[in-house]
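Got a structure for you, written out below as structure tokens; questions coming shortly.
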Amino acid sequence: MITGSGMEPFCNTERSLACVLQDAAGRGTIRGTRIQIGRREHVYNLGQPDANIYLVESGQVKTLTHTRDGKQCLLSIHGPGDVFGESSVLAANRTETAQAMQVTTLVQVRVAQIMNDCDPPLREALIGHMASRLLEQQQVIANLVTMDSEHRLAALLVNLGKKVGKRRDQTALIRDRITQEELAEMVGTTRSRIGYFLKRFSVAGVVHRTEDAHLCIHIAELTDYLENSSLSAGL
């Protein structure tokens with residue numbers, strides 16, 4: 001078991017669930033288990049009972065599901081400081097699969113600890129986290145309905161830049177490899193179309209690859225594109 005002394009600081013976002021969990025661990029009111037997951041290993045699987053939530057200390061985790069015809073659909077990507085698995089508050093069995101994209105260290109906390117904790121900030125943080133996740137999922141659905149695939153990719157890159165990118169002003173560097181196939185699964189298009197759109201973004205100066213092949217996202221420019229359609233749309 002662990003307490004807050006061994007946890008990395010994740011208080012960049014004021015009163016985020018990760019931050020409040022860390023505070024609770026420091027006071028000893030919440031105890032978690034630090035676990036390490038190997039690359040491509042599963043944290044949990046679709047349909048599996050699992051009464052925990054997870055805080056990413058290092059590494060990266062993706063959540064995914066499958067369509068009726070067996071096609072994989074990537075739902076989200078979580079990096080250091082992110083909390084995932086919050087659906088266990090509402091459902092006994094997992095509604096998606098969580099897989100490590102690289103060697104990843106997680107802090108596993110049983111939901112019962114949070115629900116039984118009488119500390120209001122922790123419950124408020126959990127409610128706020130779940131509300132944010134709901135809004136995020138609603139935005140994804142809205143994007144699928146109202147945007148073409150090029151604009152959906154732009155929106156996804158802005159979101160990934162904010163979530164897992166190393167920020168510097170309005171630029172985000174994604175050091176961990178995210179393949180075009182994975183981007184295609186999240187956008188709902190083909191790998192070849194993703195490659196085509198990324199080339200367009202590169203020519204427009206809103207996305208580029210570094211010498212080390214890391215993806216660099218210019219968040220302000222991509223946001224302008226989303227809001228003003230400054231680039232011609234491609235279907």
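Normalised by the number of residues in the chain, what is the relative contact order in percent for Cα pairs under 8 Å and 6+ residues apart?
Once divided by the residue count of the chain, the mean separation gives 18 percent.
Of all beta bridges DSSP finds with both residues in the chain, what is the antiparallel percent, to the nearest 5?
100 percent
So if we plug the beta-carbon distance of E124 and D148 into 1/(1 + (r/R0)^6) with R0 = 45 Å, what FRET efficiency do we get, rounded to 0.05? It would help to have the intermediate numbers written out before the result.
Details: r = 38 Å, r/R0 = 0.85.
So, using R0 = 45 Å, E works out to roughly 0.70.
Now for a separate question. Packing-wise, with mean Cβ within 10 Å as the measure, how do 93-104, 138-149 rank, highest first? Intermediate values should be presented prior to the final figure.
Working: 93-104: 18.8, 138-149: 13.3.
The densest-packed peptide leads the list: 93-104, 138-149.
Residues with amide H under 5 Å of Q102's amide H, sequence separation 5 or more or different chain, H placed in the peptide plane at 1.01 Å from N; which?
Amide H neighbours of Q102: R40, Q60.
Separate question: Using 0.36 nm times the number of residues separating D176 and Q102, minus their current alpha carbon distance, what extension gain do you get?
Values: separation 74, 0.36 × 74 = 26.64 nm, distance 0.86 nm.
Separation in residues times 0.36 nm, less the Cα-Cα distance, equals 25.8 nm.
Per-residue HN-Hα couplings for segment 48-54, Karplus 6.51 cos²θ - 1.76 cosθ + 1.60 at θ = phi - 60°, whole Hz, x for Gly and Pro?
Whole-Hz 3J(HN,Hα) from phi for segment 48-54: 7, x, 6, 9, 10, 10, 10.
Taking 0.36 nm per intervening residue step and subtracting the Cα-Cα distance, what contour gain separates S58 from Y196 on full extension? Before the final figure, lay out the partial values.
On the way: separation 138, 0.36 × 138 = 49.68 nm, distance 3.16 nm.
Length gained between S58 and Y196: 46.5 nm.
Please compute the net charge surrounding F197, taking Lys and Arg as +1 and Asp and Glu as -1 over other residues with Cβ under 13 Å from its Cβ.
Result for the local shell: +3.
Now a separate question. Can you tell me which of 21-29, 176-184 comes out highest on packing, and rank the rest after it, using the mean Cβ neighbours within 10 Å?
Sorting 21-29, 176-184 by mean packing, highest first, produces 21-29, 176-184.
Can you tell me the length gained on complete extension of the stretch T33 to L46, counting 0.36 nm per residue apart and subtracting the Cα distance?
Net length gain for the segment: 2.5 nm.
Additional query: What residues qualify as long-range amide H neighbours of R34, i.e. H under 5 Å apart, gap of 5 or more or another chain, H built at 1.01 Å from N?
Under 5 Å from the amide H of R34 lie the amide H atoms of I2, Q108, each far enough along the sequence or on another chain.
Could I ask something else about it? Among the lysines, which fall within straight-line cross-link reach of K166, defined as a Cα-Cα distance under 27 Å, with same-chain neighbours fewer than 8 residues apart omitted?
Here the lysines satisfying the reach criterion relative to K166 are K62, K199.
So, with +1 on the Cβ of K and R and -1 on the Cβ of D and E, and no other charges, what is the size of the charge dipole of the chain about its Cα centre, to the nearest 20 debye?
400 debye
Since every read-out is calculated from the coordinates, none of them should be taken as a lab result. Just so you know, these numbers come straight off a predicted model, no measurement behind them. Using ideal geometry, Cβ is built from the backbone for each residue, glycine included, and neighbour counts are taken over all protein chains shown.
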